[in-house]
1. Within the range 58-98, work out how many residues are among the charged types (D, E, K, R) and touching a Phe, Trp or Tyr at 6+ places or on another chain (Cβ under 7 Å).
2. Do you know which residues across the range 149-168 are of a type in the set (A, V, I, L, M) and over 17 Å from Glu93 (Cα atoms)?
3. Pick from Thr40, Thr142, Thr75: which is polar (S, T, N, Q) and more than 28 Å from Ala22 (Cβ to Cβ)?
4. Anything in the range 132-148 that is away from the ligand (no atom under 11 Å from the Cβ) and in contact with a strand residue (DSSP E or B) (Cβ under 9 Å, 6 or more places away or on another chain)? List them, or say none.
5. Here is a check on your reading of the model: is Arg25 away from the ligand (no atom under 16 Å from the Cβ), surrounded by fewer than 16 Cβ atoms within 10 Å (Cβ to Cβ) and of a type in the set (Lys, Arg)?
6. For the subset of the range 33-62 comprising residues that are outside any helix (DSSP H, G or I) and surrounded by 15 or more Cβ atoms within 10 Å (Cβ to Cβ), which member is farthest from the chain's Cα centre (by Cα)?
7. Being more than 10 Å from the ligand (Cβ to nearest atom) and among the small types (Gly, Ala, Ser) is the filter here, so list the residues in the range 103-131 that pass it.
8. What about Ala177, is it in a helix (DSSP H, G or I) and within 16 Å of the ligand (Cβ to nearest atom)?
Amino acid sequence: MSFLDPSLPAHTPTTVRALRHALIRDLGDGFAGALQEAGTASGGAMMDAFDGWCSTHGLGHPEALAISRFRAALTDFLAEAGWGHVRFVPLGEAVVAIEAEDWAEAVEAPALPHPGCFFSAGMLADLIGRVADGPMACLEVTCGAAGHPACRFLLGSPAVLTAVHERIVEGSGHEAAVRAVS
Ligand SMILES: [Zn+2]
């Protein structure tokens with residue numbers, strides 16, 4: 001990782017871990033909403049940093065990249081910024097999954113009964129929404145902090161992800177839920 005690259009964002013995963021620690025201490029279960037809000041608010045700065053990263057790598061602006069190039073660039077950017085080594089998992093027409101075994105928000109996280117990378121969910125939704133056709137929502141369905149092998153984030157339109165979430169709450173696995181609404 002290059003700490004000297006000025007295009008990398010100032011809010012590092014270390015900052016996010018400290019923020020989460022403080023929010024859990026002070027808000028208890030209310031930490032989730034506050035952390036997701038902070039993540040959403042960071043999307044603009046992340047996009048600026050990603051845009052700068054793409055420029056320094058001769059790629060132009062991220063929103064102009066073909067989807068495969070965009071995904072490859074975002075993968076490299078997130079790794080260099082210290083967030084983890086992600087891969088994109090196709091789950092159907094309406095939903096894309098991003099997952100990583102080493103996702104930074106789950107590293108050193110207290111054990112949680114459910115996925116807990118709320119900052120990342122807000123950040124990824126806002127970041128991807130800036131290059132997508134419309135607003136995006138993000139739902140983390142597996143999480144290293146909850147004992148799963150990887151953090152997996154589903155991204156799709158708010159309507160689609162609401163429908164997916166409802167099916168998961170009813171007991172469906174997330175892949176079956178995605179198939180059902182796609
Ligand atoms: Zn997670």
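1. Here the count works out to 1.
2. If the condition is that a residue be of a type in the set (A, V, I, L, M) and over 17 Å from Glu93 (Cα atoms), then Ala150, Ile168 are the ones that fit.
3. On inspection, the qualifying residue turns out to be Thr75.
4. Ala132, Met136, Ala137, Cys138, Leu139
5. yes
6. Leu59
7. Those that are more than 10 Å from the ligand (Cβ to nearest atom) and among the small types (Gly, Ala, Ser): Ala111, Gly122, Ala125, Gly129.
8. no
Quick note: the coordinates plus some simple rules give every number you see, no bench work behind them. As the structure is a prediction and not an experimental result, all values here were calculated from the model. Glycine also receives a Cβ, built like all others from the backbone with ideal geometry; neighbour counts cover every protein chain displayed.
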